[in-house]
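Student: Got a structure here, written out as structure tokens. Questions coming.
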Amino acid sequence: MQMDINDEQAHIGMVLKGDHSAYRFLVEKNKKIVYSIALRILNNTEDAEDAAQESFIKAYQQLHTFKGKSKFSTWLCTITYRICLAKLKTNSLGYNAIDHELAENYSDEMKGPYKELTEKEKTTMIKEAIQKLPKIDALLITLYYFNENSINEIEEITGLTASNIKIKLFRARKILEHELKFLI
């Protein structure tokens with residue numbers, strides 16, 4: 001769901017003028033993508049919830065520094081991305097591209113007649129395939145396809161170059177295509 005930029009700016013203005021309850025609008029509009037980014041990077045629901053909350057608090061505290069050169073959601077995703085990377089570094093969480101629970105539950109029986117799979121089953125399999133990607137690739141797929149961020153916005157969020165993002169997206173799509181060829 002695209003947020004109306006005028007509503008976004010209006011609520012930011014209201015918060016900056018002292019109407020702190022107006023921040024709820026910004027939280028409600030962005031909570032899914034913030035949590036999604038945190039979960040993709042941290043791969044742990046509790047850590048993702050903490051990072052999402054920390055992101056909203058930091059954004060609130062730093063709202064006066066938001067210049068409006070990008071969408072608020074892009075600015076907020078950048079904050080979330082940096083907080084998650086700091087958490088990874090601080091917690092010394094190892095790289096874990098595959099969610100162990102999903103890997104344990106994945107069986108060869110799932111390779112049956114794919115045309116009979118329900119949409120929910122297909123969605124689950126797509127999520128499983130995305131979780132098998134390296135964390136940064138899964139994040140890029142999430143930002144580009146699910147949050148519909150542009151390459152420039154992703155560049156701003158992650159600090160990666162546009163060409164690097166395009167290459168990583170291309171490779172991630174090829175991996176997903178291979179993993180999900182039976183759904184096509």
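Student: For a quick size check, give me the Cα extents of the range 1-96 along its three principal axes, largest first, whole Å.
Tutor: If we take the Cα atoms of the range 1-96, the spans are 42, 26, 24 Å.
Student: For the range 1-96, what relative contact order do you get, as a whole percent, if you take Cα pairs closer than 8 Å and at least 6 residues apart?
Tutor: Over the range 1-96, the number comes to 27 percent.
Student: What is the gain in length, in nm to one decimal, between residue 65 and residue 145 on full extension, counting 0.36 nm per residue of separation less the C-alpha to C-alpha distance?
Tutor: Taking residue 65 through residue 145 to full extension adds about 26.0 nm, to one decimal.
Student: Identify the trypsin sites (Lys or Arg not before Pro) of the range 1-69 meeting these criteria: DSSP loop state and at most 14 other C-beta atoms within 10 Å of the C-beta.
Tutor: 17, 67, 69
We did not get these values from a lab; they are worked out from the coordinates using the rules stated. All values derive from a computational prediction rather than experimental measurement. Please note: Cβ atoms are built from the backbone with ideal geometry, for glycine as well, and neighbour counts cover all protein chains shown.
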